[in-house]
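The structure appears right after this line, and notes come after that.
The numbers here are math on the coordinates, done by the rules we state, and not lab data. Computed from a predicted model, the values in this text were never measured in an experiment. For neighbour counting, all protein chains shown are included, and Cβ atoms are generated from backbone atoms with ideal geometry for every residue, glycine included.
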Amino acid sequence: MGSMMTVAVLALQGAFAEHGAMLDRLGAEHFEIRQKKDLDRHFDRLILPGGESTVMGKLLKDCEMLEPIRQRILEGMPVFGTCAGLILLAEQVEDGDAHLGTMQIRAKRNAYGRQLGSFYTEAEFQGIGTVPMTFIRAPYIDRVWGEAEVLAEVDGKIVAARQGNQLVTAFHPELADSLEVHQYFLNM
Ligand code: GLN
């Protein structure tokens with residue numbers, strides 16, 4: 001990939017460092033967004049990590065980053081939300097509030113209940129093949145509409161989706177050895 005591409009990783013909270021490590025392995029330039037002025041730096045893509053969507057959503061709002069980021073996404077900048085990042089992008093959130101709300105999906109938070117809070121599986125990902133999937137207190141998507149399309153399902157539940165420039169996974173590809181989902185994002 002060209003050295004012209006720079007990926008920003010939202011680093012307010014959660015599993016942002018792991019995304020940076022994946023991007024290093026893929027040879028992609030990246031930096032962390034911690035405050036509003038970081039948005040002035042040049043970046044072509046954005047990753048919203050896993051963590052706690054309520055906390056990240058509140059910090060985004062308090063730091064006046066919610067609207068500028070929403071604008072960039074609506075203008076077509078590729079964005080990749082994992083787990084809590086998926087919730088941040090969802091237009092509808094069950095058992096929680098919408099935040100960026102740019103993607104035509106409904107996220108169901110903490111959807112797997114207590115016993116199945118965390119688990120590992122492998123499943124088919126459209127356009128990639130079989131990928132490892134680590135779920136940690138994960139949401140799933142119970143509905144997509146409009147331009148959003150399903151990319152992966154586990155046990156009949158949607159765990160990855162795409163809507164043009166927006167990619168979401170309920171699982172954590174940054175915790176797996178496989179670089180394929182991040183590579184898919186960089187190719188978008
Ligand atoms: N349960 C978290 C939330 O609602 C998501 C968990 C995660 O990102 N690993 O934001």
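Here are some notes:
- Flag if Thr169 is buried (at least 21 other Cβ atoms within 10 Å of the Cβ), within 14 Å of the ligand (Cβ to nearest atom) and among the hydroxyl-bearing types (Ser, Thr, Tyr): yes
- The combined condition, being of a type outside the set (Lys, Arg) and farther than 15 Å from Phe119 by Cβ, is fulfilled by Leu167.
- Pair list, Cβ < 7 Å and 6+ apart or interchain, from the stretch 160-188 residues that are without any contact (Cβ under 8 Å) to a residue 60 or more places away in the chain to residues that are assigned to a loop (DSSP other than H, G, I, E, B) and hydroxyl-bearing (Ser, Thr, Tyr): none
- All of Ala107, Ala84 fail the test of being more than 30 Å from Met4 (Cβ to Cβ) and of a type in the set (Gly, Ala, Ser), apart from Ala107.
- Any chance Glu18 is farther than 16 Å from Leu167 by Cα, touching a residue at least 40 places away in the same chain (Cβ under 8 Å) and within 16 Å of the ligand (Cβ to nearest atom): yes
- Matching residues in the stretch 98-110 - criterion: being surrounded by fewer than 20 Cβ atoms within 10 Å (Cβ to Cβ) and within 13 Å of the ligand (Cβ to nearest atom): Ala98, Arg109, Asn110
- When each of Gly85, Gly50, Gly81, Gly146 is tested for being in contact (Cβ under 8 Å) with a residue 12 or more places away in the chain and more than 14 Å from the chain's Cα centre (by Cα), the lone residue that passes is Gly146.
- The one condition from (1) touching a helix residue (DSSP H, G or I) at 6+ places or on another chain (Cβ under 7 Å); (2) farther than 27 Å from Asp155 by Cβ that Ile47 does not meet is (2).
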